[in-house]
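Got a structure for you, questions after.
The values are calculated or read from the model by the stated rules, or taken from the named source; none is laboratory data. The shown structure was predicted, so the numbers you read here are calculated from the model rather than taken from an experiment. Here the Cβ positions follow ideal geometry from the backbone for every residue, glycine too, while neighbour counts run over all protein chains shown. Areas reflect the complete protein model, heavy atoms only, side chains present, ligands, DNA and RNA absent. Shrake-Rupley method; radii C 1.70, N 1.55, O 1.52, S 1.80 Å.
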Amino acid sequence: MILLISDLHLEEERPDISRAFLHFLDTRARQAEALYILGDFFEVWIGDDAMSPFQHGIAAALRRLSDVGTRIYLMHGNRDFLLGKAFCREAGCTLLSDPHEVQLAGEKVLLMHGDSLCTLDVGYQKMRRLLRNPLSLFILRNLPLGTRHKLARKLRSESRSQTRMKASDIVDVTPGEVQRVMTQHGVKTLIHGHTHRPATHDMQIDGQPTRRIVLGDWDKQGWALQIDENGFNQSAFALD
Ligand code: MN
C-alpha cells in the first residue's frame, strides 16, 4: 500500500494539524511501503540551518517511520522550496524533483506539487523562475538568518491577511499546461497538490482516457490518497 499527501502547511500555530499528522505516521503510514509528501509540507521553511524545535520534532517523527521500513519521499512546494539535504538526512527521507515520474501499481505516474501548472498566474510564475534558479537558491540559503526571517514574514503577510489560503485564493491549473506535461511524460495519471481543490478529474488526451488526481490540503480535515489492490482512492478524515 502506498500513501500520498500534500499541503499540510505544518506550523507551530496549528497544533491540531501536527497532532493529526503524528497520529497518521504512527497508524496508517506504518502499514505503507511508501509515503509521498508532494510539497507545502511546512507552511514556511527558511533553511535547514534554521530549524525550530518544532521542525526538529517533525523530522524525528519521520525518521521513526523510515526506521521501521516505510520509504518517505518529499517534494518541494512553493512554501518550503528551501528544504534541503540536511533535513532529509535527519528525517530519513528522499527529496524528489518536480516533476517526478514513478511506477505506482504497475503504471507510470507523474507526481508534481502543482504550482508550475498554474500558468495563468503570470506574476507568480515569474517570481518562481526567479527564486528557483540555482544562483537565487544559493543566495537565499546564505542570507543572514535575520534577513531570512524578515523575508519569510513579508511573504506571509503578503499572502492575504495572515489567514490560510483558500482554494478560491489560489489560481487553478491551466488545462493546456496539464495536457502538455502529461503528453511530454507519456503518462495517463498525474497526481499533484497545491490548489487545495481535492478531486479526480477524468479527461481525454489524444483520445486516451487520462486522469488528474488533486490531493487535498490539511486544514478543516486531513486528506490522503491510498494506492492498493482497490486502486487509487482519496479520502478525508477528521483532524482530532
Ligand atoms: Mn503550494
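Open to solvent by less than 80 Å² (accessible area, probe 1.4 Å), within 15 Å of the ligand (Cβ to nearest atom), closer than 30 Å to Glu101 by Cβ and of a type in the set (Gly, Ala, Ser) - does that describe any residue in the range 134-141? Show your work before the answer.
Applying the first criterion (open to solvent by less than 80 Å² (accessible area, probe 1.4 Å)) to the range 134-141 yields 136-137, 140.
Restricting the remaining residues to those that are within 15 Å of the ligand (Cβ to nearest atom) gives none.
Within the range 134-141, not a single residue is open to solvent by less than 80 Å² (accessible area, probe 1.4 Å), within 15 Å of the ligand (Cβ to nearest atom), closer than 30 Å to Glu101 by Cβ and of a type in the set (Gly, Ala, Ser).
Residue pairs, Cβ under 6 Å, 6 or more apart or interchain, first in the range 163-177 and among the hydrophobic types (A, V, I, L, M, F, W, C), second part of a helix (DSSP H, G or I) and open to solvent by less than 50 Å² (accessible area, probe 1.4 Å). List them.
Pairs found: Val173/Leu117.
Is there any pair linking a residue in the range 101-127 that is without any contact (Cβ under 8 Å) to a residue 12 or more places away in the chain to one that is in a helix (DSSP H, G or I), with Cβ under 9 Å and at least six apart or on different chains, and which?
Gln125/Asp115; Gln125/Ser116
Under 6 Å by Cβ, and 6 or more places apart or on different chains, what pairs join a residue from the range 196-217 that is within 16 Å of Gly114 (Cβ to Cβ) with one that is part of a strand (DSSP E or B) and among the hydroxyl-bearing types (Ser, Thr, Tyr)?
Taking only residues 6 or more apart or on different chains, the pairs are Met203/Thr210; Arg211/Thr189; Arg211/Thr200; Ile213/Thr200.
Looking at the range 195-236, which of its residues are open to solvent by 40 Å² or more (accessible area, probe 1.4 Å) and not in a strand (DSSP E or B)?
Within the range 195-236, Arg197, Pro198, Asp206, Gly207, Lys220, Glu229, Asn230 meet the criteria.
Name every residue in the range 56-76 that is within 16 Å of the ligand (Cβ to nearest atom) and out of contact with any helix residue (DSSP H, G or I) (no Cβ under 7 Å at 6 or more places or on another chain), in order of residue number.
Restricting attention to the range 56-76, the residues satisfying the condition of being within 16 Å of the ligand (Cβ to nearest atom) are 74-76.
Within the range 56-76, Met75, His76 meet the criteria.
Further question on the same structure: Give the residue that is nearest to Thr27 (Cα to Cα), with candidates limited to residues of the range 69-80 that are surrounded by fewer than 22 Cβ atoms within 10 Å (Cβ to Cβ) and out of contact with any Leu (no Cβ under 8 Å at 6 or more places or on another chain).
Gly69
Just to be sure I understand, how many residues within the range 225-240 are among the small types (Gly, Ala, Ser) and within 11 Å of Ala20 (Cβ to Cβ)? Write out each step before concluding.
The first filter runs over the range 225-240 and keeps only residues among the small types (Gly, Ala, Ser), leaving 231, 235-236, 238.
From what's left, within 11 Å of Ala20 (Cβ to Cβ): 238.
Final tally of qualifying residues: 1.
Which condition does Ser66 not pass, out of (1) among the hydroxyl-bearing types (Ser, Thr, Tyr); (2) within 22 Å of Ala199 (Cβ to Cβ); (3) open to solvent by 10 Å² or more (accessible area, probe 1.4 Å), if it passes all the others?
The failed condition is (2).
With over 17 Å from the mean Cα position of the chain (by Cα), more than 22 Å from Leu74 (Cα to Cα), surrounded by fewer than 19 Cβ atoms within 10 Å (Cβ to Cβ) and within 16 Å of the ligand (Cβ to nearest atom) as the only criterion, which of Thr174, Thr183, Thr147 stands out? Walk me through it before giving the result.
On the way: Thr183 fails: within 16 Å of the ligand (Cβ to nearest atom); Thr147 fails: within 16 Å of the ligand (Cβ to nearest atom).
After applying the criteria, what remains is Thr174.
Those residues that are open to solvent by 10 Å² or more (accessible area, probe 1.4 Å) and not in a strand (DSSP E or B), I need them from the range 99-120; list them, please. Reasoning before the result, please.
Applying the first criterion (open to solvent by 10 Å² or more (accessible area, probe 1.4 Å)) to the range 99-120 yields 99-103, 105-108, 116, 119-120.
Scanning the range 99-120 gives Pro99, Ala105, Gly106, Ser116, Thr119, Leu120.
If we scan the range 226-235, do we find a residue that is closer than 18 Å to Asp40 by Cα and of a type outside the set (S, T, N, Q)?
no
Same structure again: Residues to consider are Ile72, Ile17, Ile46, Ile58; find the one that is in a strand (DSSP E or B) and not hydroxyl-bearing (Ser, Thr, Tyr).
Working: Ile17 fails: in a strand (DSSP E or B); Ile46 fails: in a strand (DSSP E or B); Ile58 fails: in a strand (DSSP E or B).
Of Ile72, Ile17, Ile46, Ile58, the one residue that is in a strand (DSSP E or B) and not hydroxyl-bearing (Ser, Thr, Tyr) is Ile72.
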